[in-house]
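Please read the structure below before turning to the comments.
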Amino acid sequence: MTYLEKVITLKIYHQFLKTLITSWVIIFCIIHVNAQEEIDYNYDESKIKPYKLPELLLSQDSVKISTIEDWEKVRRPEILKFFEDNIYGQVPKDFKRIKFKLKNRDKKAMDGKATLREVEITVIKNKKSITINLIVFTPNKTKKPVPTFLVINHRGIRTMDVTRENKDGFWPAEVVINAGYGIAGFDVIDVAPDNNEKFTEGVLKLYPEQLEMNNGMGALGAWGWGASRAIDYFETYRFVDAKKIIVVGHSRGGKSSLWCAAQDKRVAIAISNDSGNSGAAISRRNFGETIDIIYQNFPYWFCSNYQQYGNNEDKLPIDQHMLLALMAPRAVYVGSAAEDLWADPKGQYLSLVEAQPVFNLYGIETNLPSELPDVNKQIIRPTMGFHNRIGKHNMTPYDWQQYIKFANDYFK
C-alpha cells in the first residue's frame, strides 16, 4: 500500500469512528430524553388534586384523642407501627452486646479549640458483628457536657475530614465548635451501603430475617439504627450531653433522621434538611418526587410494602405530617431550598403546619403561619422551626446558621 493509500485509509477510518460516536451520542440523548419524559412529575401547584390527610387525633377505632395520655398510649403507637409496616420497616433492638473502642484522640484539634475522638462502635449478635466508625469533636472552652449535633452522613468520609484539611460546608465542624456545640457523624456505608446491591452488607448481616419480611428494615431504617448506636456511646462520654442530642440529615439522611428521632426519644431535636418525599413532604400532594418515583429508584431504602402505594397515596394510613408529630413534645426543624422543587418546599412546610395539633396537646403554642414563609425568612416556635433558603439541593453554611440559632433558642 502506498503512502497516499495509507493516508486515505486512515482518514476513512477516522471518519467512520467519528460517525459511529456521533450516532451513539444521538441514540443516548434520545433514550435519556424519553426516559425523562416517562417520569410523571408535577411542579405546578394548580395541578395538585384535592386530597384528604389521615386524622392525627383520631384512633384507628375512630376514638377522638384529646389528652396526652391517649396520644402516648393509643394513637402514637398506632402511627409508629403504621410507619414501620408501610414505609421504613421494623427497627430491631435485640442485639446482644455493644462495645466502644477509642481509636484516636487529639486534645488539641482545630488549633487547640476542640478535642477529637474517633470511636469504633461494635455491635454483636449471634457471633456476627458490625463496626460503625464515629467521629466526635467537642469544644475545649467548656468542661461541661455539651449539646451535640449528630450527622447521618451519606457524602463520604472526606466530608468529615478529621485533619480539617478538607473543610466542607456540609459538615462545618469549626462553626459548630465555635458556637459551643459538639459535632459528630458517621458514614452510612458502615451501617448499610447506599447501594441497591450492597445495602445488606452492614447491619442486615445481623438480622438477615428482615430481608424476608414485607415490613423488614431498609437502608433508611438502618441508618437511623446507626444513629441510635452513636447515642448509646454518647451516654458513656462525659463531654457530650446525651439528653441534648440533635440528629441531622440532608436529603436521604434527612428522611432517616426524622425516622430515627420518631422512635428514639433520646433525640432532643430532629433536623430534616431537604428531605422531601418520604421525609418531611406531604406525599398526597404528588408534587416533585413521588412515592412511585422514589421507590422505583431506591427500593432498598424502604420496606417492600411501600411499593403498593406508588400512584396510590390515598390508601396510605399515614402521611408525613404524622412523622413530624411523633416528635412531640420534643423539637423538629425542617430546612428547605427554594430551587429544590423536587423535594417540595411547600409540602415540607405544610407537614409542620399539619403536625401542630399534637404539639398543642402538650400545651405548646406553635402558631405557625398557614402560608409558606418568604425565602430566607426563618420561623422559630417553641418546638418547631423552618426556613426556605435561596438555592438548590444541598446542606450549606446558611442552613447550619439557622440550625444553631434554633438550638440556642430551644436549649436557652
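The values are calculated or read from the model by the stated rules, or taken from the named source; none is laboratory data. This one's a predicted model, so the numbers in the text were calculated from it and none came from an experiment. Don't worry about glycine lacking a Cβ; one is built from the backbone with ideal geometry, like all the others, and counts go over all protein chains shown. Heads up: the accessible areas ignore ligands, DNA and RNA and are worked out on the full protein's heavy atoms, side chains in. Shrake-Rupley method; radii C 1.70, N 1.55, O 1.52, S 1.80 Å.
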Going residue by residue through region 345-364, is there one that turns out to be in a loop (DSSP other than H, G, I, E, B), in contact (Cβ under 8 Å) with a residue 40 or more places away in the chain and under 30 Å from residue 203 (Cβ atoms)?
no
Only unsatisfied item for residue 203, checking (1) within 15 Å of the chain's Cα centre (by Cα); (2) surrounded by 23 or more Cβ atoms within 10 Å (Cβ to Cβ), is (1)
Just name the residue that is farthest from residue 284 (Cα to Cα) out of those in region 24-73 that are among the acidic types (Asp, Glu) and modelled with pLDDT of 55 or more.
69
Condition first: over 19 Å from residue 244 (Cβ atoms), open to solvent by 10 Å² or more (accessible area, probe 1.4 Å) and part of a loop (DSSP other than H, G, I, E, B). Now tell me which residues in region 309-338 satisfy that.
310, 311, 312, 317, 338
Does residue 84 meet the test of being surrounded by fewer than 12 Cβ atoms within 10 Å (Cβ to Cβ) and outside any loop (DSSP other than H, G, I, E, B)?
no
Selection status of residue 399, among the charged types (D, E, K, R), open to solvent by less than 10 Å² (accessible area, probe 1.4 Å) and not in a loop (DSSP other than H, G, I, E, B)
yes
Of everything in region 138-160, what is in a strand (DSSP E or B), farther than 15 Å from residue 245 by Cβ and over 19 Å from the mean Cα position of the chain (by Cα)? Give them in sequence order.
139
Quick one: which residue in 133, 126 is in contact (Cβ under 8 Å) with a residue 40 or more places away in the chain, surrounded by fewer than 18 Cβ atoms within 10 Å (Cβ to Cβ) and closer than 30 Å to residue 306 by Cα?
126
